[in-house]
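A quick write-up on the structure given underneath.
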Amino acid sequence: MASLTERARFLFHFFRHPIATGAVLPSSRYLAESMVEDMNLTQAETVVEVGPGTGAFTGAILDRVGPRTFVIAVELNPAFAAHLRTKYPALHVINGSAENLRRELMDRGRTSADCVLCSLPWAGFPEDLQHRILDAIVETLRPGGAFATFAYVHAAWFPAARRFRQILEGRFRSVVSSPVVWRNVPPALVYRCER
Ligand SMILES: C[S@@+](CC[C@H](N)C(=O)[O-])C[C@H]1O[C@@H](n2cnc3c(N)ncnc32)[C@H](O)[C@@H]1O
C-alpha cells in the first residue's frame, strides 16, 4: 500500500500535471494484484512497466519476477523517476516518454520484452499520442507477449474508452477484460492483451 508521503506526493503532482498524472491517488494493491495476474512474470526475461508513478505496481512486479529478469520502468515525471530509483535500487528506471520505449530497450541491449504493464492515463491522451505509444509497445513486445493496462469503470463506457478498446483489439490477438476491482479509488478493470 502507498505510504502517506507517496499519496501526498501523487496528489501534489496531480495538481501540477493533471492530464499526465491521470489520477489523484496511487492505485491500490488489489488493482496491482489484478495487473500482475496471468502475466507469467516468473518466466519472463524482460519486463517493462510504463507509467509506474510512485510504484503502486512495481513492488508486485518485482515480487513475482525471476532472479535474472530484467525489469525496466519508463516514467515521464522526473520526481517520480527519482523516487523509484531510491525505493527500488534493482529497477532500471528511465525518465522519459513511453513513445521511445523500443529505442530505450535497445540502448540497454534488449531487443524485445515478454510483458508490458502499463498504467498510462489513456483517456486524457489525444488519439495520435495513444497510437504512437501503442505502436511503441507493440513493436517492443515479442510475438505472444503479454500487455496489461487498466481503465476506470466509470469511464469505461464513454465513447473515448470504447474507441480505445477498439484500438487495442486492432493491435492485439486477444483483449480480455478482468472483473471490476472495486477496492480501488476509483474502481477499475484491467485489459489483458496478447500480441
Ligand atoms: C495514472 S498514473 C499511474 C501511476 C501508478 N502506476 C499507479 O497505478 O498508481 C500514470 C503515470 O504515467 C506517467 N506518464 C504519463 N505520460 C507518460 C508517458 N508518455 N510516458 C511514461 N510515463 C508517463 C505519469 O507521470 C504517471 O506517473
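The values are calculated or read from the model by the stated rules, or taken from the named source; none is laboratory data. Because the structure is predicted, anything quoted here is derived from the model rather than measured. Reconstructed Cβ throughout: ideal geometry from the backbone, glycine too, with neighbour counts over all protein chains shown. Ligands, DNA and RNA are stripped out before the accessible areas are found, and what is left, the full protein with its side chains, is counted by its heavy atoms. Shrake-Rupley method; radii C 1.70, N 1.55, O 1.52, S 1.80 Å.
Has the stretch 120-127 got at least one residue that is of a type in the set (D, E) and either modelled with pLDDT of 95 or more or open to solvent by less than 20 Å² (accessible area, probe 1.4 Å) (or both)? Checked the stretch 120-127: no residue is of a type in the set (D, E) and either modelled with pLDDT of 95 or more or open to solvent by less than 20 Å² (accessible area, probe 1.4 Å) (or both).
Scanning the stretch 154-186 for residues that are exposed (fewer than 13 other Cβ atoms within 10 Å of the Cβ), closer than 19 Å to V138 by Cα and of a type in the set (A, V, I, L, M, F, W, C) yields a count of 1. Residue count for the stretch 137-167, restricted to those that are within 14 Å of the ligand (Cβ to nearest atom), in contact with a strand residue (DSSP E or B) (Cβ under 9 Å, 6 or more places away or on another chain) and part of a helix (DSSP H, G or I): 2.
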